[in-house]
1. Which residue, chosen from Asn44, Ile70, Val112, occupies the Cα position most advanced towards the positive end of the dipole of segment 8-152, where the dipole is computed from +1 (Lys, Arg) and -1 (Asp, Glu) charges on Cβ about the Cα centre?
2. If I take R0 = 30 Å and measure r between the Cβ atoms of Ala109 and Thr56 in this structure, what FRET efficiency does the formula 1/(1 + (r/R0)^6) give, to the nearest 0.05?
3. Which value in nm describes the separation of the simple spin-label points at Asp166 and Ser140, placed 7 Å from the Cα toward the beta carbon?
4. Quote the relative contact order of segment 24-75 in percent (integer), defining contacts as alpha-carbon pairs under 8 Å separated by 6+ residues.
5. Return the subset of Lys14/Lys120; Lys14/Lys194; Lys144/Lys201; Lys14/Lys170; Lys120/Lys170 for which the Cα-Cα distance in this structure is over 19 Å, preserving the input order.
6. Please tell me the relative contact order of segment 1-119 in percent, rounded to the nearest whole number, where contacts are Cα pairs under 8 Å and at least six residues apart.
7. Over the chain, what relative contact order in percent results from Cα pairs under 8 Å that are six or more residues apart?
8. Tell me, how many Å apart are the Cα centres for segment 130-180 and for segment 60-97?
Amino acid sequence: MLLKDVAYEKIKEKILEEHYEPGQFLSERTLIDELGMSKTPIKNALVRLESEGFVTVSSKQGIIVVDISIERINDIYNLRIALETFNCQEIYKRITDDQINELEENVEATKVAAANKDVKAFATLDHEFHLAISEFAGNSEITKILLNYQDHLRRITLRHLRKDPDRVKKFYTEHVDILNALKIKNDNCSDLMKKHLYESKMMYFQ
C-alpha cells in the first residue's frame with residue numbers, strides 16, 4: 001500500500017471513531033507527528049478526504065473535520081430504505097443455500113459482538129450484512145451506491161451505537177428476523193428490512 005493510502009486510512013479511521021471530532025481543527029504538523037509521516041502523503045490523503053466530505057482544507061482556516069448534517073443523515077437513511085427494501089424483494093425467492101450460510105456466519109459473529117457490546121466490530125459486521133444482501137440481489141448499480149456511502153454509513157452507525165450501546169441487541173435481533181424470513185423465502189423480509197432501517201433512523205434522532 002502506498003504511503004498516501006496508509007495516511008488516508010489512518011486519518012479516516014480517527015474521524016470515524018471521533019478521535020478527531022466534528023468541527024475540530026487539525027494542522028499538518030499534528031498529523032505529521034501523530035502518523036510519523038512526511039508532508040506529501042498527508043497532503044495527498046487530505047485531498048481525497050476532502051473530496052469525500054470528511055474534511056475541508058483552506059489556506060485561511062486550515063483543516064477542519066466536517067460533521068454529517070442532520071439533513072444528509074435523513075436523506076441517506078431514506079435512500080437505504082428504498083434501495084435495500086428493493087434488494088429484499090429481488091432476492092427472497094431465489095436466495096441460495098450458500099448465500100444463506102454466508103449470512104448465518106455474519107449473524108453469528110454479530111451475536112458475539114452484540115454480547116460484548118463491541119460497537120466497532122458490530123458496525124463493521126452490520127454493514128457487511130446489508131452489503132451481502134445487495135450483492136446477492138445482483139443489481140451492481142445499487143451495490144455501487146451503497147459502497148460509495150460505506151464510510152459515511154459506518155460513521156453514522158458508530159455514532160448511533162455510542163449513544164446507547166444496548167442498541168446492538170435490537171439491531172442484531174432484527175438481522176436475525178430478516179435472515180429467518182429469507183430462509184423460508186417469505187416476502188415479509190422486505191417489510192422487516194424497511195422497519196429495521198426506518199426505526200434505526202427514528203432512534204438516531206431521539
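The values are calculated or read from the model by the stated rules, or taken from the named source; none is laboratory data. Bear in mind that the values here come from a model prediction, so they are computed numbers and not experimental data. Neighbour counts run over all protein chains shown; Cβ positions are idealised from the backbone, glycine included. The area values use the complete protein model at the heavy-atom level, side chains included, leaving out ligands, DNA and RNA. Shrake-Rupley method; radii C 1.70, N 1.55, O 1.52, S 1.80 Å.
1. Asn44
2. 0.25
3. Taking the two extended label points, one gets 4.6 nm.
4. In percent, rounded to a whole number, it is 35.
5. Lys14/Lys194; Lys144/Lys201; Lys14/Lys170
6. Computed over segment 1-119, the figure is 22 percent.
7. 23 percent
8. A separation of 8 Å, based on Cα centres.
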